[in-house]
Each structure stands twice: as structure tokens, then as C-alpha cells.
Amino acid sequence: MSPAVVALSIVGLVVGGTIAFALFSVRRIPMDPHQYIVAGRSFGAFFLWLLLAGEVYTAFTFLGAAGWAYSYGAAAFYILAYGTIGYVIGYFLLPAISEVGHARGLLTSGDFFADRFGSRRLGVAVGALQFFFLIPYVTLQLTGLQILLTIAGYDAYDARVGVSIGFLLMALFVFSAGLRGTAWASVVKDGLVLAAVIFAGVALPLKFFGSYGAMFDQVNRAHPTWLTLVATPTNHSVIWFVTTVALTAIGFFAGPQNMAAILSARDGNVLRKNAIWMPVYQVVLLLVFFAGFAALLIVPGMKPGAADQSFVLVVQRYYPAWVVGFIAAAGSLAALVPASGLLLGGASNLVKNVLGDGFGLATGDRARTLATRIAVLALALLALGLWLVYSKTLVDLLLFYYNGITQLMPGLIFGLVWKRVGAGAIGAGIAGGLLTVLTIFYEHADPTPWGINIGLLALAVNVIVVVTVTLIWPRKDAVAEVAG
Amino acid sequence: MTKSARALRLVLACVVPAMLTIGIPFANRVEPRIFGLPFLLAWIVLGMILAPVSLSLIYRLEGRRHT
């Protein structure tokens, strides 16, 4: 058998086996919207850990983190820093959101906005925004999958066919298994990913360099500016690093997929314990950096975009096909499992908030579950279509996802702590933030002066608008109190 | 919670975020190396290790809540 057949067969068996395992695990669960979207609010610490970790650490994180370490050196460390701060913020934020969610029976982030600010229209708008922001994020996972399948196929096949098949299989899987299915699939995914990064981040550097110290000595000699941040105010400078870490840490849990995980928790203490222990999972990212630095020395000279595949390429060149197969299989699951959570998060917002609350469609339990399932497939096809047509401009789209989704954070926080904020203030704030992002985006002013992150500027505009509007027109009607 | 417990909680909550944002300009150097890692990376890893420590101290301070 050719190495491509061996490697691709392993990928196919692992992905197929994971889907079968997860389907088997949920076979007795009757699906109503609460089961399908937030797993009946029943998850304890273990499943929640898997689900949150599954959504945060995606294929793009792994390939991108190694690629950034390869191409930009220390700037990549921001990925490690923002997650850590994100969990500290999450320790306080997530239990508070979950308690409101339980008391008020919320299903989506659109619900949260509609309930807290007493405006169905705001819920519709937030639901629609979430849906649109998710499309590029799903699309990114497909690019990650393409890189892995191209390498596992030893460049002999058109990986787009494999990506399309794998992704549609995953969409059908979400169609039938819902959030519980995603959590079970995460069990397999996390185990394999852990094995893969230990191999890539421990075995690989030690085989080629003997020790991490020796590896960093070599990196420092070959690229003297690589292990620290540049002081001059520009892209990837110290100021860029600090502002980007601030923005991404604040927006860490703003996505609709995170809301589904938060609402699936049994109670607030489960979320607190998770926030305490999740930073440990970040060790995985540290190992990926090691793999990226190792690749920089072993296969030098790759361009920034191409460097995303650097460490997988090292594995392909120096290890047998079955190792390549298992690494690519772990990576494929790391693309597909989070994508399944994203599909579910986007679809539930569209159906519950836009179709249901906005147009009065699919409001019964059975109709809503069915409509959410159909929306999962529609979102999958939309993302796949977008990816097949525009696969080159994705990094811009990712930027837009993060900068855009973070604009929902003032609403999530003010909705918990400041009763005088009304729907108009939040809506105006989101609009102001998004306009700021769009203006800078289309003026091509990124990097901005001094390398300040544009999303953080937009977030500042957002908060100023919310506070100003609230001080001038404070909300008069009472917010529903949360018991407990 | 008492007033001093609240203050302690605030300090504990701010240590890691401060290390990884305003602390970065001061940690931006290669030497001294810690276990072979460049100092900047070791500093960020230290923050990553301290996060569970500070959060579990806060958890103890708050006690188990009724939810």
C-alpha cells in the first residue's frame, strides 16, 4: 500500500469510528429543543470540560499556533496568554450567566439579550449577528482540515473532495445527535489530540535537538529577534501583544457555541471548577509552540500562510505513514468536532431568535428541533460553499469574527450588573463597535497606529456609546429578578 | 464574605491578568533562561500555572455557593 492510502485510511477509520461511537452513546436520548441545544442543562464537570476545551482548542488553533511560532516567533505567545486570562474572567462571568439561564429558561445568546434588556428585537438582531459571524469561523476549520488531508494524502489527491465529504458527514452527525453527540465525540478527539501534541511537542524536538534548551539556543542563533517582542510600535510589537491579549481574553466566551456550553452546565459550581482547571489544558498549546519552533529549524524558509502546515510536514518527511495518519486523524477531529458545536450554536440562534421570536415560525417543541436540524445543514452548506469559492481571504474573515463577536461582551456583562441599561443602548453600542471595525477594515488601517488592536478600539467605542446612552436615557421598567 | 476577604479576592483575581498584560513589557527578554525556555515564554507559562492556583484560592474563599 502507498503511504497515502495508509494515512488516509487511518483518518477515515478514526473519524468514522468517532461519529459511530458518539451516535451509539446518544441513541436513547429523546430530542426536544432543550436536549438538542443545551443537553437538558445536565452536564457535570467532565462533559463540560470536554465541551469547552473542544470549542476553544480547534484545528486552527493547533496549526495556527505552530504556524505563528514558525513565522512570527514570540508574537504567537499571545495565544497562550489570552486563554489564561479568559479563564480568570470566565470564573466570575460564566456562573452568573448560567444562573440567569437556568432561572429564565434561556437557550441561546439571543435569548440572553432579549431577556435581560426586555427586547425581542434585540434578541433577533443578536441571533442574526451570531449566525453570520459563525460562517467564517466554521470555514476556517475547513482550511485546517484541507491542510491535514493534503499532507495525509502526500499531495496525490485533491483534498477538497475529502474536506467536503468529512464536513457533510459531520453536519449529518450534528443533525441527529445534537450537543450531547458533540460532547461524546470530544472524548475521542481530546484523547487523540493530546497524544498527537505530546508526540509533536516532546518527541519531535527531543529527537532532533536533544533538549528544549538546545532547540531555543539554535532558534536564538538563527533568528535573534524571534524569542522576544519588538519594542517599536508596529504590528506584533509589545503594544500589539498587550492590546490583542486584552481583546481576545474579553471575547473568549462571547461566541454562541460558548453560550450553549455554559447553559448545558448543571450549576454554577461546575463552571467555577472548570474555570479553575481549564488553564491546565493550555499546556497543549505550549507543546504546539515547541513543535512550531522545531519545524522552523528542520524545514526552514516557509512563507507565513504555508507555515501553518510546518510541523505536520516534518512528521510527513521523517516518520512512517501510520504516524502521519494518526496525527492527521487527531487534527481532523480537532477541526470537525468544534465545527459541529459551531453549527449547532449558529443554527439554534437562527431558529430560536430570528425565525421563532422574529417571525413567529417553528415555535412548538417538535417544529423547533426539526427547524434547528435543518438550519444546521443549511449553515454547513453555506460555510462549505463560501470556503470552496473564497478560501484565500480567510485570515481577514477570522479577524472580523473576533472583532465582531467581542462587541457582544458589553451586553453580556451589563446585562448582569447594571439594571439601568436598555436595549437601545446595547444595540447602539454594538452598532458603533461594528461600524468602527468596518471602517478600519475597509480603510486597510490594520495594523493601526502603534499596533493597537482594532477590536479593542471598537470595544472602547461600544462601551462609551452604551454608557452615554444609558446616562441620558436610563431604563425605567424593571428587569426580571433572578431567584437565588 | 468579609470586607478583607473581598479585597483579597480582588487581588487574587488580578494577579494573572496583570502579569500577562502590563507585566509583558518588563518580561520581554530572552535571558535568564528558565528550564531552557526564553524568559518571556517562561513568564507566560508561570501565569498559566498561577491561574489555577489563584482561582482555587478564590473558590475556597467564597465557599460553596447555593445555586
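Things worth noting here:
- Qualifying positions in the stretch A:303-341 - surrounded by fewer than 19 Cβ atoms within 10 Å (Cβ to Cβ) and not aliphatic (A, V, I, L, M): A:K303, A:P304, A:G305, A:R317, A:Y318, A:Y319, A:P320, A:W322
- Any chance A:Q257 is away from chain B (no Cβ under 11 Å), surrounded by fewer than 23 Cβ atoms within 10 Å (Cβ to Cβ) and not in a loop (DSSP other than H, G, I, E, B): no
- Verdict on A:G162 being surrounded by fewer than 24 Cβ atoms within 10 Å (Cβ to Cβ), among the small types (G, A, S) and part of a loop (DSSP other than H, G, I, E, B): no
- The set of residues in the stretch A:58-89 that are more than 14 Å from every other protein chain (Cβ to nearest Cβ) and either out of contact with any Ser or Thr (no Cβ under 8 Å at 6 or more places or on another chain) or not in a helix (DSSP H, G or I) (or both) comprises A:T58, A:T61, A:F62, A:L63, A:G64, A:S71.
- Sub-7 Å Cβ pairs linking a first residue in the stretch A:206-234 that is at the interface with chain B (Cβ under 8 Å from one of its Cβ atoms) to a second residue that is of a type in the set (S, T, N, Q), at least 6 apart or interchain, are A:L227/A:N220; A:T228/B:N28; A:L229/A:S237; A:L229/B:N28; A:A231/A:S237, ordered by first then second residue.
- The number of residues in the stretch A:257-283 being under 30 Å from A:F132 (Cα atoms) and of a type in the set (V, I, T) comes to 1.
- Of all residues in the stretch A:216-254, those that are among the basic types (K, R) and not in a helix (DSSP H, G or I) total 0.
- Restricted to the stretch A:101-122, and to residues there that are among the aliphatic types (A, V, I, L, M) and crowded, with 21+ Cβ neighbours inside 10 Å, the residue that is farthest from A:P279 (Cα to Cα) is A:L122.
- Condition check for A:V5: of a type in the set (A, V, I, L, M) and touching a residue at least 60 places away in the same chain (Cβ under 8 Å): no
- Just one of (1) out of contact with any helix residue (DSSP H, G or I) (no Cβ under 9 Å at 6 or more places or on another chain); (2) at negative phi fails for A:G210. It is (2).
- Index of the failed condition, A:L148 passing every other in (1) among the aliphatic types (A, V, I, L, M); (2) closer than 30 Å to A:V421 by Cα; (3) modelled with pLDDT of 85 or more; (4) buried (at least 22 other Cβ atoms within 10 Å of the Cβ): (2)
Yes or no, residue by residue, for (1) of a type outside the set (V, I, T); (2) within 20 Å of A:A260 (Cα to Cα); (3) touching a Gly at 6+ places or on another chain (Cβ under 8 Å):
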site	(1), (2), (3)
A:V6	no, no, yes
A:F43	yes, yes, no
A:G67	yes, no, yes
A:G73	yes, no, no
A:G90	yes, yes, no
A:S98	yes, yes, yes
A:D111	yes, yes, yes
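- The single residue among A:L63, A:L80, A:L107 that is in contact with a helix residue (DSSP H, G or I) (Cβ under 9 Å, 6 or more places away or on another chain) and over 25 Å from B:P38 (Cα atoms) turns out to be A:L107.
- Of all residues in the stretch A:198-237 being surrounded by fewer than 18 Cβ atoms within 10 Å (Cβ to Cβ) and among the β-branched types (V, I, T), the one that is modelled with the highest pLDDT: A:V202
- Considering residues of the stretch A:264-303 that are over 20 Å from the mean Cα position of the chain (by Cα) and part of a loop (DSSP other than H, G, I, E, B) only, the residue nearest to the other protein chains (Cβ to nearest Cβ): A:D267
- Candidates A:F21, A:F47, filtered to the one that is among the aromatic types (F, W, Y), surrounded by 18 or more Cβ atoms within 10 Å (Cβ to Cβ) and within 30 Å of A:A371 (Cβ to Cβ): A:F47
- Scanning the stretch B:30-39 for residues that are under 14 Å from A:T225 (Cα atoms) and surrounded by fewer than 20 Cβ atoms within 10 Å (Cβ to Cβ) yields B:V30, B:E31, B:F39.
- Lone unmet requirement of (1) more than 10 Å from chain A (Cβ to nearest Cβ); (2) over 18 Å from A:Q282 (Cβ atoms) for B:A42: (2)
- Checking the stretch B:2-16 against the condition returns no match, with no residue being at positive phi, touching a Phe, Trp or Tyr at 6+ places or on another chain (Cβ under 9 Å) and at the interface with chain A (Cβ under 7 Å from one of its Cβ atoms).
- Members of the stretch A:90-108 found to be hydrophobic (A, V, I, L, M, F, W, C) and within 8 Å of chain B (Cβ to nearest Cβ), listed by number: A:F92
- Condition check for A:F175: in a helix (DSSP H, G or I) and modelled with pLDDT of 85 or more: no
The values are calculated or read from the model by the stated rules, or taken from the named source; none is laboratory data. None of the values given here were measured: they were computed from a predicted structure. Virtual Cβ from ideal backbone geometry, glycine too; neighbours counted across all protein chains shown.
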